[in-house]
Amino acid sequence: MYQYTDFDRQFVRQRAAQYRDQLERNLRGELKDDEFRPLRLQNGWYVQRYAPMLRVAVPYGELASQQLRVLAQIARQYDQPSAAVYQHASETQAELGTPHLPVGYGHFSTRQNVQFNWIPLTQSADVMDLLATVDLHGIQTSGNCIRNITSDALAGIAPDEVIDPRPYAEIMRQWSTLHPEFAHLPRKFKIAINGALEDRAATAWHDVGLHLRRNAQGQVGFMVLVGGGMGRTPVIASTLREFLPWDQILNYLEAVVRVYNRFGRRDNLYKARIKILVKAEGQRIVDEVEAEFASILRHDGAAHTIPQAELDRVSAHFLPPAHPSDSAADGQATAIERSPKDAAEYQRWLNQNVRAHKNPALRAVTLSFKRLGHAPGDATADQLDAAADLADRFSAGEARVTHEQNLLLPWVAEHDLPALWQAARALGVAKANIGLLTDMITCPGGDLCALANARSLPLAQAVAERFQDLDELFDIGPVDLHISGCMNSCGHHHTGHIGVLGVDKDGREWYQISLGGSDGSSLSGVAVPGKVIGPSFAASEVTDVVEALIDSYRVYRKAGETFIDCVRRVGPDPFKLAANAVRHETRDGGRVLHVHLATADATTD
């Protein structure tokens with residue numbers, strides 16, 4: 001992992017001190033709310049439906065165990081709303097059918113960040129100071145700037161990796177943090193970087209997607225994709241460069257963002273993303289980027305060309321950790337083999353939650369945070385503490401937030417797997433459902449987010465309850481189910497094999513269903529948005545629709561054929577007929593969702 005320098009730490013702590021001063025002036029009435037708003041947003045503090053939300057930056061998803069413990073402390077001590085706030089929220093959501101709103105937890109997001117939903121704003125500066133003690137912050141997790149740079153959760157350890165993307169992601173993070181020219185872009189700007197043969201970072205769905213590769217001469221460089229994005233208008237990114245020398249990536253990114261800053265639509269929020277610019281202007285934007293890049297090289301002095309020495313300095317932070325060569329876990333393995341039930345459960349866990357590693361003696365293990373009674377991606381304070389203990393005991397003190405809202409341990413010795421499984425099972429995060437139907441991506445939806453048209457979490461809970469049987473889940477095989485509470489697509493419904501989108505019809509909750517989406521991974525194929533299969537469904541019908549789609553797959557599949565491959569071979573019509581067959585005869589619509597707050601921040605992940 002990258003270790004902060006004295007300069008890095010001073011920077012983060014100064015930022016926390018600045019924020020404390022801004023907050024105190026706001027609370028004293030010296031800094032008006034509309035003046036304070038952009039300042040708190042730049043530090044990751046939103047105002048959502050009922051309470052502030054903090055988004056903590058986790059660059060390319062890597063967390064040290066001591067950072068997990070501080071996140072646990074924040075969940076336990078600060079993610080606690082006042083009695084009045086919580087009573088109002090609970091009473092309002094109970095009218096919609098959400099009987100309980102959990103507090104005291106962290107939430108893993110699809111951008112590999114960690115979020116908290118209930119911290120009182122009056123305590124926000126204390127939280128910033130606490131985060132700074134372990135080199136964490138919320139800088140640029142909100143606002144119209146370059147956001148957290150994401151990557152493959154298996155970066156540096158995947159057997160199919162060509163080049164480790166983490167050193168490049170770290171260099172980009174340092175370049176983009178508080179970049180003076182890019183602090184007020186037309187809209188938010190997201191970058192993803194992948195260094196493996198398989199794209200596990202959904203690069204085609206980003207404002208900029210980067211693929212590390214080698215050319216015929218063995219030189220390292222980037223394929224550069226620009227103009228992808230979800231939301232109201234899903235767009236797959238276009239390739240601007242097939243191969244860009246690695247040392248020029250910052251200069252080229254500078255050119256891309258300068259062009260976006262200059263030509264991006266600032267007059268229309270819905271047309272402000274770079275995807276709209278690239279889609280509308282096409283080759284003109286490519287030409288503008290290339291011209292700007294040439295100008296940076298010839299006239300600006302190529303100030304951001306990366307020296308080899310700098311790459312070497314940063315890369316030194318990402319060397320594999322030393323790992324013990326033996327363990328006392330062999331006895332645990334023998335105990336598992338004596339119980340047929342445990343042996344079968346353990347084998348399923350190995351098949352679903354354990355991945356191969358560059359080092360044949362090691363494995364990458366995913367802890368599943370998709371379980372009954374909890375929202376997908378939620379971790380209680382105790383679970384965050386326990387995850388830190390698991391990281392220390394089994395993974396050289398490191399864990400990673402995944403794009404799928406789970407936690408991955410990247411440095412697990414093969415002989416430690418039985419002991420890790422037993423410890424994870426005791427914690428409740430060893431369910432062997434990674435990649436299966438209940439390992440769903442879900443946004444917070446209308447229970448917490450002020451922008452949502454409908455709730456997401458009750459749907460996720462209902463699907464999880466319907467499909468509890470692991471035998472059934474294994475028979476169904478891999479399915480990506482993604483749920484968004486509104487068109488902003490924080491649940492990435494466009495990329496789901498089954499996508500669920502909450503929509504507002506006359507102030508009521510309804511849900512569109514789409515089929516055949518792909519994030520660009522090997523399982524899903526070339527990145528493509530799913531297609532809506534018909535009119536929207538009432539909330540009470542959605543779980544039946546999902547079951548009908550799965551039942552149709554069982555009817556039409558060939559031996560060994562996955563859900564997504566079956567959908568593409570058969571086409572959407574049989575699935576559409578099955579979904580429409582579960583519509584209720586009497587339908588008065590979904591529940592009214594009418595509690596949007598005028599003070600909420602109109603910004604999304």
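Per-structure values
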{"item": "Nitroxide proxy distance, nm - points 7 Å out along Cα→Cβ at K505 and D573", "result": "2.4"}
{"item": "Gyration tensor verdict on the chain (Cα atoms; rounded if a/c is under 1.5, prolate if a/b is larger than b/c, oblate otherwise)", "result": "rounded"}
{"item": "Spatial separation of Cα centroids for the stretch 198-212 and the stretch 104-132, in angstrom", "result": "27"}
{"item": "R0 of 25 Å, Cβ-Cβ distance D471-D160: FRET efficiency to nearest 0.05", "result": "0.25"}
{"item": "R0 of 30 Å, Cβ-Cβ distance Q10-Y86: FRET efficiency to nearest 0.05", "result": "0.20"}
{"item": "Helix runs (DSSP H) in the chain reaching 24 Å along axis by Cα, Kyte-Doolittle at least -0.5", "result": "539-556"}
{"item": "Distance between the stretch 140-185 and the stretch 32-46 - C-alpha centres, whole angstrom", "result": "23"}
{"item": "Cα gyration tensor, the stretch 182-222 - rounded (a/c under 1.5), prolate or oblate", "result": "oblate"}
{"item": "Per residue solvent-accessible surface (Å²) - the chain, probe of 1.4 Å", "result": "39"}
{"item": "Distance (nanometres) between label positions extended 7 Å along Cα→Cβ at V526 and Q77", "result": "5.3"}
{"item": "Carbon/sulfur fraction of accessible area - the stretch 421-463, other protein chains in place, 1.4 Å, %", "result": "61"}
{"item": "Accessible-area value, D480, 1.4 Å probe, nucleic acids and ligands omitted, Å²", "result": "30"}
{"item": "Highest-first arrangement of 47-57, 173-183, where packing means the average Cβ count within 10 Å", "result": "47-57, 173-183"}
{"item": "C-alpha center-to-center spacing [the stretch 218-249, the stretch 420-436] in angstrom", "result": "36"}
{"item": "Accessible surface ranking that places the most exposed of R166, R348, R214 first, with a 1.4 angstrom probe", "result": "R214, R348, R166"}
{"item": "Whether the stretch 1-140 is rounded, prolate or oblate, judged on the alpha carbon gyration tensor where a/c under 1.5 counts as rounded", "result": "oblate"}
{"item": "Value of relative contact order over the chain, rounded to a whole percent, pairs C-alpha under 8 Å and six or more apart", "result": "13"}
{"item": "Heavy-atom accessible area ranking, 1.4 Å probe, most first, across T380, T141", "result": "T380, T141"}
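The values are calculated or read from the model by the stated rules, or taken from the named source; none is laboratory data. All figures in this text were calculated on a predicted structure; none of them were measured in a lab. Neighbour counts run over all protein chains shown; Cβ positions are idealised from the backbone, glycine included. Each accessible area value is taken on the protein alone, full model and side chains, heavy atoms only, with ligands, DNA and RNA left out. Shrake-Rupley method; radii C 1.70, N 1.55, O 1.52, S 1.80 Å.
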